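Structure first, then comments.
The values are calculated or read from the model by the stated rules, or taken from the named source; none is laboratory data. Here the structure is a predicted model, which is why all the values come from computation and not from measurement. Cβ sites come from the backbone with ideal geometry, for glycine too, and all protein chains shown count toward neighbours.
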Amino acid sequence: MSSSEPFIGMITVCIPSYNGKKYLGKALESVKEQTFRDWSLVVVEDGSYDGAESLVNQFSKEVKNRIRYIRHSENLGLPYARDTAIAAADTRYIALLDADDVWLPNHLESLYNTAEKYNSGITFSGHQVVSHDLKEKYEIHQPEQSLAADLTRNLYLRKFTIQPSASLICSSVFEIVGAWSDENVGNSCEDINFWFRACSKNIGFACSYEPSCLYRKHDNVLSSDGLRMTEALANIYLKTKNYKMLPARLRRQMIRKHCFHVARMKRTVDLGDALRWFSLAISASFMRIER
C-alpha cells in the first residue's frame, strides 16, 4: 500500500514496555543486529519505574539510528502504549515488537522484501515459541503454504495466528483501520481484533514464511488468563457479524462456536452468565447478518 505523505526513513520499530527492563535489553539488542539498517525506534514506557529509560539512553549511544523514549505518567495498558508509539512514527512502515520478544537478524529485511513484493498492508513472519530465558525452543507457528491463497479467510478461521511482534504494517493502514486499541475490547485479544478490523477494510496480508520472531513463553504474558481471553475472543467474533467480505454462513458458524466455548467454560464459575452465552450461541443461527 502506498501513501502520498512524506516519510523520514523506512521502518519505525515500536516497543511498548511495562516493567519490562528484565527483557528489554535483549529486544533492543535484536533490533541493533538487524541486517536491514534503515530503521528508527520508539520505546513507550507505560507508567512503570523499573529503569527502562536508562537502557534506552545507553542503546541510543550504541547506534546511529533515531531513538525516542516516551513515558506515560500512568499505566494505560499495552494497546494504548502501542498507540502512542505508532502515533510517534513518521516512516512508511511500522514494525511492532513487545519488550519481551526477540527478532532474528533477518527479520526486518525479510518482512520489508515481502511487503514490497506483494504490496501488502500487513506483512508478517512466522514465530517460534521459546522459554523465558531463550534457551529452549518450542513450536513454530506460521500458516501452511496451502493457506496463502486466502489468508483473510484462514485467519478468520483461526487456522494460524499473527503475533504483533512478527508484523510489519504500512503506516497508511492505521489511517484506514483506526487505532490499534479498541475500548470495546480492552487489553485482551486486541491484536486479533485489529487483524479482523483490517480484514473488514480489505487490507492485504502477506507472510514471509520465515520464523524470524521469537515469542517468549512465561507467566507474565497476558494470554495466560484463558477464560478472559476466550470471552474477549467471542466478543470480537460477535463484532464480525457484518463483515461482508466473509460468507454469512461462515460468520454464523464462528460466532456460534466461540459463544458455546465461553458458555462451557463459565458453567462452573458463573452459571447465569454461562446461560447468557449459551443463548447467544443459539441465536447466532438466526441473528440478522449483512450479506
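One residue stands out in region 42-71 among those that are in contact with a Ser or Thr (Cβ under 7 Å, 6 or more places away or on another chain) and outside any loop (DSSP other than H, G, I, E, B): the one that is nearest to Tyr93 (Cα to Cα), namely Val42. The residue list Tyr93, Tyr69 contains one member that is among the hydroxyl-bearing types (Ser, Thr, Tyr), in the same structural domain as Leu168 (by TED's automatic domain parsing), touching a strand residue (DSSP E or B) at 6+ places or on another chain (Cβ under 7 Å) and crowded, with 21+ Cβ neighbours inside 10 Å, which is Tyr93. Restricted to region 193-214, and to residues there that are of a type in the set (Gly, Ala, Ser) and assigned to a helix (DSSP H, G or I), the residue that is nearest to the chain's Cα centre (by Cα) is Ala198. Is it true that some residue in region 167-184 is at pLDDT below 95 and assigned to a helix (DSSP H, G or I)? No; the residues of region 167-184 include none that is at pLDDT below 95 and assigned to a helix (DSSP H, G or I).
Only one entry in Ser40, Ser60 is hydroxyl-bearing (Ser, Thr, Tyr), surrounded by fewer than 21 Cβ atoms within 10 Å (Cβ to Cβ), in the same structural domain as Tyr209 (by TED's automatic domain parsing) and without any contact (Cβ under 8 Å) to a residue 24 or more places away in the chain, namely Ser60. Restricting the search to region 18-33, which residues are at pLDDT 95 or above, touching a helix residue (DSSP H, G or I) at 6+ places or on another chain (Cβ under 6 Å) and surrounded by fewer than 22 Cβ atoms within 10 Å (Cβ to Cβ)? Within region 18-33, Gly25 is the sole residue that qualifies. Kindly establish whether Arg249 is at pLDDT below 95, assigned to a helix (DSSP H, G or I), out of contact with any Pro (no Cβ under 8 Å at 6 or more places or on another chain) and exposed (fewer than 13 other Cβ atoms within 10 Å of the Cβ). Taking the combined requirement at face value, the residue satisfies it.
Suppose we filter Cys259, Cys199 for residues that are in contact with a helix residue (DSSP H, G or I) (Cβ under 7 Å, 6 or more places away or on another chain) and in the same structural domain as Thr152 (by TED's automatic domain parsing); which single one remains?
Residue meeting the stated conditions: Cys199.
Candidates in region 109-166 are the residues that are in a helix (DSSP H, G or I) and of a type in the set (Val, Ile, Thr); of these, the one that is farthest from the chain's Cα centre (by Cα) is Thr114.
This table checks each residue for (1) farther than 18 Å from Ile192 by Cβ; (2) outside the structural domain of Leu238 (by TED's automatic domain parsing); (3) free of Cβ contacts under 8 Å to residues at least 24 places away in the same chain.
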position	(1), (2), (3)
Ala99	yes, yes, no
Leu104	yes, yes, no
Ser110	yes, yes, no
Lys117	yes, yes, no
Gly121	no, yes, no
Val129	no, yes, no
Glu136	yes, yes, yes
Asp150	no, yes, yes
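The number of residues in region 67-97 being closer than 24 Å to Gly121 by Cβ and touching a residue at least 12 places away in the same chain (Cβ under 8 Å) comes to 19.
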